[in-house]
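The structure under discussion is supplied below as structure tokens; questions concerning it will follow.
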Amino acid sequence: MNRDQKIFETYSLVIGVPAIVVLMYLGVTQMLDRNQRASAADTAEYQAVVTDQLRPYGRVYLPGEEASANEPVVTEAEQVDPVETMMSGPQVYNDACLLCHGAGVGGAPILGDTGQWAARLEQGNDALYRNAIEGYTGESGFMPAKGARMDLSDDEVRAAVDYMIGELSN
Ligand code: HEC
């Protein structure tokens, strides 16, 4: 055995042995890891978790198919009737009468204009209420029933007429 060969063999051992140890270590750890994963996947608990995570969010039922028992039950919200409220005279006026009676559109007697209202007031309030509620066509134009706001109650229209009459004495 010459010297070169001796050096070569020594180096082979110095480099080779640790290399083999490292490779064996890697092989063993990988085997252990695989075993561990396999056994974890076998447990019922693990499977339940995975199944739960893969569960779809919803399901489409075709006509005739029945929803399962744990399906959320959607019930119709209880219909609650709104509380009945009555608008005040000024509110009704602003909402439904101002359009014509504010500036005298279509011959409507203007709010607060005593000259235009004097003859009308002579009829008495009941006639004014009736004409406002039922509507009529007079000498100066057409007054639509309830100012064409059929959602208003008779009392609301009366309140608006009272307000209009009240504005004359101011
Ligand atoms: C589309 C326009 C219009 C609207 C809206 C309107 N009016 Fe009139 N109103 C008239 C006209 C026009 C007359 C006058 C008719 C006539 O005498 O020839 C009149 C007349 C009246 C009179 C006098 C009635 C009489 O016998 O002389 C009263 C009261 C009245 N309106 C109340 C109301 C009230 C209250 C509202 C709102 C709820 C309202 N009007 C909304 C056009 C309107």
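Could you go through region 113-127 and let me know if any residue there is under 15 Å from ALA145 (Cα atoms) and of a type outside the set (Asp, Glu).
Within region 113-127, one or more residues are under 15 Å from ALA145 (Cα atoms) and of a type outside the set (Asp, Glu).
Let me ask something additional. Considering only region 136-149, state which residues are surrounded by fewer than 17 Cβ atoms within 10 Å (Cβ to Cβ) and not in a loop (DSSP other than H, G, I, E, B).
TYR136, THR137, PHE142, ALA145, ALA148
Taking the stated definitions as given, is ASN125 surrounded by 16 or more Cβ atoms within 10 Å (Cβ to Cβ) and either of a type in the set (Gly, Ala, Ser) or touching a Lys or Arg at 6+ places or on another chain (Cβ under 9 Å) (or both)? Please lay out each step first, then the result.
Numbers: surrounded by 16 or more Cβ atoms within 10 Å (Cβ to Cβ): no; either of a type in the set (Gly, Ala, Ser) or touching a Lys or Arg at 6+ places or on another chain (Cβ under 9 Å) (or both): yes.
For ASN125, the condition - surrounded by 16 or more Cβ atoms within 10 Å (Cβ to Cβ) and either of a type in the set (Gly, Ala, Ser) or touching a Lys or Arg at 6+ places or on another chain (Cβ under 9 Å) (or both) - is not met.
Hey, which of the helices (runs of 4 or more DSSP H) in region 38-127, taking only ones fully inside, have at least 1 residues that are more than 16 Å from the ligand (Cβ to nearest atom)? Give the steps one after another, and end with the answer.
Values: elements: 44-54, 89-92, 98-101, 114-122.
Fully inside region 38-127 and qualifying: 44-54.
One line per residue, one yes/no per condition, for (1) polar (S, T, N, Q); (2) surrounded by 10 or more Cβ atoms within 10 Å (Cβ to Cβ); (3) at pLDDT below 75; (4) more than 44 Å from the chain's Cα centre (by Cα):
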| position | (1), (2), (3), (4) |
| --- | --- |
| ASP4 | no, no, no, yes |
| SER12 | yes, yes, no, yes |
| VAL28 | no, yes, no, yes |
| ALA40 | no, yes, yes, yes |
| GLU45 | no, no, no, no |
| LEU54 | no, no, no, no |
| TYR57 | no, no, no, no |
| SER68 | yes, no, yes, no |
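Then there's this: Could you say whether any residue in region 128-135 is within 8 Å of the ligand (Cβ to nearest atom), loosely packed, with under 13 Cβ neighbours inside 10 Å, among the polar types (S, T, N, Q) and over 41 Å from the mean Cα position of the chain (by Cα)?
No, that holds for no residue.
The values are calculated or read from the model by the stated rules, or taken from the named source; none is laboratory data. Model, not experiment: these values are computed from the prediction. No Cβ is skipped: glycine too gets one built from the backbone with ideal geometry, and neighbour counts run over all protein chains shown.
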